[in-house]
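Scroll down for the structure; my scribbles are underneath it.
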Amino acid sequence: MPEGHSVHRIARQFDRNYVGRVVSASSPQGRFAEGAAVIDGREAVEVRAVGKQMFLAFDGDLWLRVHLGMYGAWDFAGEILVDPTIASANGRMGQTNQRGTDLDEASAVFDDAGENSLASIGAPRRARGRVRMSEQTRGLDDDGDEWPPPVVGQVRLRLMTDVTSADLRGPTACELQTPDEVRATIAKLGPDPLVDDPDEAEERFTAVVRRKPTPIGLLLMDQSVVSGIGNVYRAELLYRALLDPHTPGKLVPEEVVRAIWRDWARLLVIGVETGQMMTMDDLDPEAYRRAMASRDDRHWVYHRAGLPCRVCGTEIVLEEMGARKLYWCPSCQK
């Protein structure tokens, strides 16, 4: 499932490529034909990301709400305006907030899982077509590829400007909302470190967790408690806090709850900047490049079932919690 960093990156792409431009909309699959007809020909005026949901506003007080869910993704093609402050589509790395790491801006790192591909942001997948990655590209590439790009597979919604195309596939939710409905939707979500006031968000998160008897491993996945955390970040945040996932929220010391929030805020920024859920600190440049290129070198416990803990050597446990896989170290996380 795409986690919060992916959705914020998607919103940035829409801000750069769509906001301020008239958009043509269609539903090749047919499942969103009526909604596409309503927004077709309107100007995109604003985009917001909150947790795992994105809201794209059009003139006339009309909003498109998209929740990618487990399998959704946006596929971009054509002219892609790359944000110079974050990693570009081919994985080029500059400096990040990762502690202890300072990579030269010319260093290029490629993820073998395709997770950092600007061509397809959301559920990790290979790009379906060629996308020009320079800062100023045109609708046709040097090889004369067709524009607009052909529709491939089940595309719920295609949004196009004259030079950029974005195809939405497999979302859990794709619907039009009024401004009041958008506010109501966001009001049900927990705080997002990149959206809400930092101090107020920390207080809100801490207060909710500290009054709940629910295991902290479930609370971190509850989008009404905190927005954006998914399976990977849950496992890694709990390990970094050396916290047993089964500990009831109300029994987690307040200072630990606050530390988890601040760690989430830091990791989310790193995820947005790099396109990767990087959760290990103090890596030398070569180890950092390996981690950015391979998910197996990027995490403390996630996806390491049966392997020795990187710190104590105890076998990493895999269990199901909240209908999702949970990885943790029973020795470090006591």
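The values are calculated or read from the model by the stated rules, or taken from the named source; none is laboratory data. Source: prediction; values computed, not measured. Neighbour counts run over all protein chains shown; Cβ positions are idealised from the backbone, glycine included.
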Checklist entry - How about the range 229-252: which of its residues are charged (D, E, K, R) and either in contact with a helix residue (DSSP H, G or I) (Cβ under 7 Å, 6 or more places away or on another chain) or within 10 Å of GLY217 (Cβ to Cβ) (or both)? => result ARG234, ARG240, ASP244, LYS250
Item to check | Matching residues, the range 20-43, being touching a residue at least 60 places away in the same chain (Cβ under 8 Å) and of a type in the set (Gly, Ala, Ser) | outcome: SER24, ALA25, SER26, SER27, GLY35, ALA36
Checklist entry - Which residue pairs have Cβ atoms under 7 Å apart, sit 6 or more places apart or on different chains, and have a first residue in the range 64-88 that is in a strand (DSSP E or B) and a second that is modelled with pLDDT under 90 and of a type in the set (Phe, Trp, Tyr)? => result GLY78/TRP147
Item to check | Given (1) of a type in the set (A, V, I, L, M); (2) buried (at least 16 other Cβ atoms within 10 Å of the Cβ); (3) in a loop (DSSP other than H, G, I, E, B), index of the condition VAL152 fails | outcome: (2)
Item to check | Qualifying helices (runs of 4 or more DSSP H) (wholly inside the range 169-227; at least 1 residues being without any contact (Cβ under 8 Å) to a residue 40 or more places away in the chain and surrounded by 21 or more Cβ atoms within 10 Å (Cβ to Cβ)) | outcome: 216-219
Item to check | Filter result for ARG158 (buried (at least 17 other Cβ atoms within 10 Å of the Cβ), touching a residue at least 40 places away in the same chain (Cβ under 8 Å) and part of a strand (DSSP E or B)) | outcome: yes
Checklist entry - Does GLN276 fit the bill of being crowded, with 18+ Cβ neighbours inside 10 Å, outside the structural domain of LEU219 (by TED's automatic domain parsing) and under 27 Å from PRO193 (Cβ atoms)? => result no
